[in-house]
Amino acid sequence: MMQLDDPITVLKGVGPKKAEALHKLNIRSIDDLIRYLPREYQDRTEVTPIGQLRSGQQTTVIATVQRVVQNYYRGARRQMLRVHVSDETGALSILFFNARFLKNAFQEGRAYAFYGTVSQVRTGLAMAHPQFTPAEERESGILPIYPLTQGITQKQLRDWQRQAAPLYGQVREYLPEEVVKRNRLMDPAMAIANMHFPENRDRYGQAKFRMIFDELLALQTGLMIVRSRSTGGSGIAFRRQPLEQEYIDGLAFPLTRAQKRVVRQIMEDLESDRIMNRLVQGDVGSGKTAVAEIAMFKAVRSGYQAVLMAPTEILARQHYEGIAPAFARYGITCGFLSGHMRAADRRQTLQKLESGGIDVLIGTHAVIQPDVVFSRLGLVITDEQHRFGVDQRIRLREKGSNPNVLVMTATPIPRTLAVVLYGDLDLSVIDEMPPGRTPVKTRSIGEESREDCYRFVEQQLARGRQGYVVTPLIELSQTLEVRSAEEVADELTERFDGRHGHGCYRVALLHGAMKQEEKDRIMEAFYEGDIDLLVSTVVIEVGINVPNATVMVLENAERFGLAQMHQLRGRVGRGSHASYCFLILHGESEVARQRGEIMEASSDGFLIAEEDLKLRGPGDIFGTRQHGLPPLVLSDLVRHADVLEKAADEAKRLMAEDPQLGRPEHEGLRRRVKRMFGNDLMLDL
Ligand code: ADP
Ligand code: MG
């Protein structure tokens, strides 16, 4: 008989090749397999005749393959497979992009079942990247859909899950009885069964609650353990005199009221011997950097070192170039550290840092490498903290002995959530913009107006301004009707570029797949004004400040979340020139239209974030990746805030009793936490 611990190769149909593919999904044993949960479910009961299909509909079509045509375009860089199919009521195109491997998947004259979303293309109705099987092998009913990896199909995974189903009964409860009782948790075996193959809505609801609870309890417990390792003891108290005033008086601008308030809150923390642990949240452009500078000035004048960590090389360098000269006027020495430095420079910086010759270190996550040693670190600051992992933030803190901690973010986060995520973190909000900013004029337009938009961009460039054109990052399965960054860059180069096209400007492309050095080089050139128009995927970094850039065009804007559009729009409107943002919407989605309206009407990041929450489906502006947490499979920290609170309560209780989860009855939970956080975190459980 099969056991939960057995390797997956005991399943019928899993040989060494399939096993290897499953390893990529972290599935090694039967136990791993049954814990690998569906991402969604699809109702395959409904079959629609082709004649009755509507654009946007998600359904099954059963149709006979007439012809398979392979097209190449864009100089053979892209390939499209068009499968012409029909039933008695009509004809339909099935499209696959860059999927040569499917060329021989279809037999002409044979009937297949296709499940996917219907869309309107130039030539009529189509279905892009549907799931398909020969008609006689079609599975009907409510089907679980699993996240896949190459070499494995839904059908195979479902089949293996069915084979493993008799083992659900072997899954044991691993939580203490009181926790189960207090939260009315469904038995784990039953919960797993209902996640894969739901019996009914009710059971499914309870099963999902159990799974989400488990996940959030592991998250909370893990975070508490990590935090408990790095706090405790009393903190460093900075001098009580208003030393920072000298720096504030020397700034080129008076602080806004909001900045003053936040500075005061920070000073109170710094002057007390409690360790500061504060999150500064302020919309894009609200002036968080100045606040950080003031805090660092205070640290140095109190006899300590400070460090500022930024998520990208270009942002770190931008900070360094702004801050170092300003501090030099007060005799304060800054150093810079990143992953791309000559060994000799790096060594010298490290020596000066250790001997106290550098007061303020600014850099990327290079500042947390083990050989970076401070002589008297008193303040650590993380900019755009949501881009860093929990472990990185903690490593930074551990560079000092109980240093004061300041983290800054433009990503709004509700207070309750902040407390759960970051523990006893105090929150300061910069809820006011510096004066003189005119909001970025925003228009959402259809594709038919692209030409007008480009003409407008041209006028801006002609005045010596710079601009960004951003395209969404897309997955292969969604390539229909989406313009890729390359495509857009080709077109804009043709039109605007003086070196390769007809225009007299300089156009460059920046995308995620480029090497870091290449990206940095292009950003640097844009920063220096050597590039006029930058076409990029969403990799353009947060926090980038190029005041001369005045126009932002978002292609396929319907694919961006509101919060993301707001962040991107924040790249313009940073100088004294009026700035503009165009959202080019493709298609006629109602949600996209509403988002466009919100963007046109508002420049308030907090309001936009709220609207985003209302509009978005299961997306993740508060998703874990935004906050540097381990990935969550089922939970959404906002939608499941109530479960999160319950889990946080239980975690607190557990931690009070057994801070390292060492007791035998907590063994199961400890393993679960360990699996979630991986081994490289400081969680050496
Ligand atoms: P963010 O909060 O997005 O990090 P920055 O700190 O980069 O914003 O500030 C954006 C711009 O606003 C910078 O050019 C900065 O010099 C300027 N700035 C900051 N505070 C003020 C202020 N009180 N008055 C005028 N300009 C300010
Ligand atoms: Mg910033």
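All but one of (1) at pLDDT 85 or above; (2) away from ligand 2 (no atom under 14 Å from the Cβ) hold for SER228, so report the exception by its number.
Evaluating SER228 over (1) at pLDDT 85 or above; (2) away from ligand 2 (no atom under 14 Å from the Cβ) leaves (1) as the failure.
Conditions tested, residue by residue: (1) modelled with pLDDT of 90 or more; (2) crowded, with 19+ Cβ neighbours inside 10 Å; (3) over 23 Å from ASP5 (Cα atoms).
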site: THR153; (1), (2), (3): no, no, yes
site: ARG162; (1), (2), (3): yes, no, no
site: TYR174; (1), (2), (3): yes, no, no
site: GLU178; (1), (2), (3): yes, no, yes
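Name the residue that is modelled with the lowest pLDDT, counting only residues in the stretch 381-412 that are under 24 Å from the mean Cα position of the chain (by Cα), away from ligand 2 (no atom under 16 Å from the Cβ) and not in a helix (DSSP H, G or I).
GLY389
If we scan the stretch 637-646, do we find a residue that is modelled with pLDDT of 90 or more and either within 30 Å of PHE560 (Cβ to Cβ) or assigned to a helix (DSSP H, G or I) (or both)?
Yes, the conditions are met somewhere in the stretch 637-646.
Quick check on the stretch 340-373: of everything there that is in a loop (DSSP other than H, G, I, E, B) and among the β-branched types (Val, Ile, Thr), which residue is modelled with the lowest pLDDT?
So the residue we want is THR364.
Please verify whether ARG39 is under 30 Å from TYR204 (Cα atoms), modelled with pLDDT under 90 and not acidic (Asp, Glu), treating the condition exactly as stated.
Judged against the criteria, ARG39 is a match.
Which residues, counting only those in the stretch 274-291, are over 15 Å from LYS260 (Cβ atoms) and either in contact with a His (Cβ under 6 Å, 6 or more places away or on another chain) or near ligand 2 (Cβ under 10 Å from one of its atoms) (or both)?
Of all residues in the stretch 274-291, those over 15 Å from LYS260 (Cβ atoms) come to 274-279, 281, 283-285, 289.
Result: VAL284, GLY285, THR289.
Would you mind telling me which numbered condition in (1) part of a loop (DSSP other than H, G, I, E, B); (2) under 27 Å from GLY446 (Cα atoms) VAL551 fails?
It fails just one condition, (1).
From the residues in the stretch 539-583 that are within 16 Å of ligand 1 (Cβ to nearest atom), at pLDDT below 90 and of a type in the set (D, E, K, R), which one is farthest from GLY467 (Cα to Cα)?
Out of the qualifying residues, it is GLU541.
Taking ALA651 as the residue in question, decide whether it is crowded, with 17+ Cβ neighbours inside 10 Å, at pLDDT below 75 and assigned to a helix (DSSP H, G or I).
no
If you scan the stretch 472-520, which residues turn out to be among the acidic types (Asp, Glu) and either under 27 Å from ALA128 (Cβ atoms) or modelled with pLDDT of 90 or more (or both)?
Filtering the stretch 472-520 for residues among the acidic types (Asp, Glu) gives 475, 481, 486-487, 490-491, 494, 497, 517-518, 520.
Answer for the stretch 472-520, where residues must be among the acidic types (Asp, Glu) and either under 27 Å from ALA128 (Cβ atoms) or modelled with pLDDT of 90 or more (or both): GLU475, GLU481, GLU486, GLU487, ASP490, GLU491, GLU494, ASP497.
Going through the stretch 557-578 one residue at a time, which ones are crowded, with 23+ Cβ neighbours inside 10 Å, in a loop (DSSP other than H, G, I, E, B) and touching a Lys or Arg at 6+ places or on another chain (Cβ under 7 Å)?
Across the stretch 557-578, the qualifying residue is only GLY573.
Looking at (1) under 19 Å from VAL372 (Cα atoms); (2) surrounded by fewer than 23 Cβ atoms within 10 Å (Cβ to Cβ); (3) away from ligand 1 (no atom under 13 Å from the Cβ), which one does MET309 not meet, given that it meets all the others?
(2)
From the list ALA193, ALA113, exactly one residue is surrounded by 14 or more Cβ atoms within 10 Å (Cβ to Cβ), more than 30 Å from ILE50 (Cβ to Cβ) and touching a residue at least 24 places away in the same chain (Cβ under 8 Å). Which is it?
Only one candidate passes the filter, namely ALA193.
Among the listed residues GLY205, GLY222, identify the single one that is loosely packed, with under 15 Cβ neighbours inside 10 Å and away from ligand 1 (no atom under 16 Å from the Cβ).
GLY205
Out of all the residues in the stretch 374-397, which are within 16 Å of ligand 1 (Cβ to nearest atom) and more than 14 Å from MET276 (Cα to Cα)? Steps first, please.
Just the residues of the stretch 374-397 that are within 16 Å of ligand 1 (Cβ to nearest atom), to begin with: 381-388.
Within the stretch 374-397, ASP383, GLU384, GLN385, HIS386, ARG387, PHE388 meet the criteria.
Are any residues in the stretch 528-538 modelled with pLDDT of 85 or more and closer than 26 Å to GLY561 by Cα, and if so, which ones? Give the derivation first.
In the first step, residues of the stretch 528-538 are kept if they are modelled with pLDDT of 85 or more; the result is 528-536.
Correct list: LEU533, LEU534, VAL535, SER536.
What is the one condition in (1) away from ligand 1 (no atom under 13 Å from the Cβ); (2) modelled with pLDDT under 90; (3) under 30 Å from GLU518 (Cβ atoms) that ARG274 does not satisfy?
For ARG274, the exception is condition (3).
The values are calculated or read from the model by the stated rules, or taken from the named source; none is laboratory data. All values reported here derive from a predicted model rather than from experimental measurement. Note that each Cβ is placed from the backbone with ideal geometry, even for glycine, and that neighbours are counted across all protein chains shown.
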